[in-house]
Amino acid sequence: MKRIFVVIFGLLIFAGLALGQTGVKKKRALPHEYGKVIINNYSEKAGLAPVEFSHWLHRSIYTCRLCHVDIAFGMKAGSTNIKAADNKKGFYCGTCHNGKTLYNDKPIFQSCLPHYTQDDSRQCERCHSAGRKVVGEFDFYTFTKRFSKERFGNGVDWEKAEADGFIKLTDFIEGVSVKRKAMAVQKDFTLNAKVAGMADIIFSHTKHTVWVGCELCHPELFVGIKKGLTKYTMADIYEGKFCGACHVKVAFPLLDCQRCHEKAV
């Protein structure tokens, strides 16, 4: 009996090590799943399904800067600690999901109603949809069918979709955003690759500022604005730091090496 226990214990340890290792190829998210965030700080405790947030839909309407700077969403799932009471007061999701803000001349549905009835459960499921078969108002493949395509992530070239006029980004909300004079956009510059034979990186401030402005990256992700001041490695980026704050989760993923390493050797 003791020997059987020792064998079982050993197998459990081995299985734990096998499952815990990092050197495993993970399942790649489908285009409509990429960038999806599950928020479950309080949902299940309140008897609701966790919130399933689709980045693809929101990034086709709003800039990243507007949500993560002006509205103050954190960059990690659950880090904002959103409560229903916050939304009801017009913070976070409630900034736009208030039944008054318009999109395509239609009011955006109100999140976290002040008073609930049994019939309101379907309204709750528009956000609290994780693990449930909820059909959204917008279908990813129909919505993006005219957009230029890319290989990874959502399979969409969001930068070109914006440049081609397929999406019109909102970067200002009255009463939330502060009117300010636009800062001068720095010129593109080269970052030298550390591996022989790897193309250098061409970093474009112009492309990034359309979506994130200046303050989403500086100073929290990259200290200061002087080239080379912040030191980081590809390992850091893969851990979700620096460039990886976006390019591991929502913006095109690190699999697409040539999108950054594009300067001819």
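The values are calculated or read from the model by the stated rules, or taken from the named source; none is laboratory data. On a predicted model such as this, the values are computed, not experimentally measured, just so you know. Glycine gets a Cβ as well: all are built from the backbone with ideal geometry, and neighbour counts include every protein chain shown. The protein model used for the area step is the full one, side chains on, heavy atoms only, and it has no ligands, DNA or RNA in it. Shrake-Rupley method; radii C 1.70, N 1.55, O 1.52, S 1.80 Å.
When 209, 190 are checked against the criterion of being touching a Lys or Arg at 6+ places or on another chain (Cβ under 9 Å), of a type in the set (S, T, N, Q) and surrounded by 16 or more Cβ atoms within 10 Å (Cβ to Cβ), 209 stands alone in meeting it.
Mind listing just one residue for me: the one in segment 213-235 that is surrounded by fewer than 19 Cβ atoms within 10 Å (Cβ to Cβ) and touching a helix residue (DSSP H, G or I) at 6+ places or on another chain (Cβ under 7 Å) and, of those, farthest from residue 151 (Cα to Cα)? Full working, then the answer.
To start, the set of residues in segment 213-235 that are surrounded by fewer than 19 Cβ atoms within 10 Å (Cβ to Cβ) comprises 214-215, 218-235.
Keeping just the survivors that are touching a helix residue (DSSP H, G or I) at 6+ places or on another chain (Cβ under 7 Å) gives 215, 221.
Working: 215: 29, 221: 27 Å.
Per the criteria, the residue is 215.
Restricting 161, 84 to residues that are of a type outside the set (Val, Ile, Thr) and within 25 Å of residue 30 (Cα to Cα) narrows the list to 161. Determine whether residue 39 is at pLDDT 95 or above, under 20 Å from residue 217 (Cα atoms) and buried (at least 18 other Cβ atoms within 10 Å of the Cβ). Criteria not met by residue 39. Going through segment 236-256 one residue at a time, which ones are open to solvent by 60 Å² or more (accessible area, probe 1.4 Å) and part of a helix (DSSP H, G or I)? Correct list: 238 only.
Just for helices (runs of 4 or more DSSP H) wholly inside segment 98-177: which have at least 3 residues that are among the β-branched types (Val, Ile, Thr), in contact with a helix residue (DSSP H, G or I) (Cβ under 6 Å, 6 or more places away or on another chain) and surrounded by 17 or more Cβ atoms within 10 Å (Cβ to Cβ)?
Values: elements: 121-124, 140-143, 158-163.
Those helices (runs of 4 or more DSSP H) do not exist here; none qualify.
Of everything in segment 202-235 that's in contact (Cβ under 8 Å) with a residue 60 or more places away in the chain and in a loop (DSSP other than H, G, I, E, B), which residue is nearest to residue 186 (Cα to Cα)? Ranking the candidates gives 213 first.
Applying a threshold of 9 Å to beta carbon distances and a minimum spacing of six or more residues, or different chains, the list of pairs starting in segment 125-140 at a residue that is at pLDDT 90 or above and ending at one that is open to solvent by less than 40 Å² (accessible area, probe 1.4 Å) and of a type in the set (D, E, K, R) is empty.
Among the residues of segment 143-161, none qualifies, meaning not one is farther than 24 Å from residue 39 by Cβ, modelled with pLDDT of 95 or more and of a type in the set (Val, Ile, Thr).
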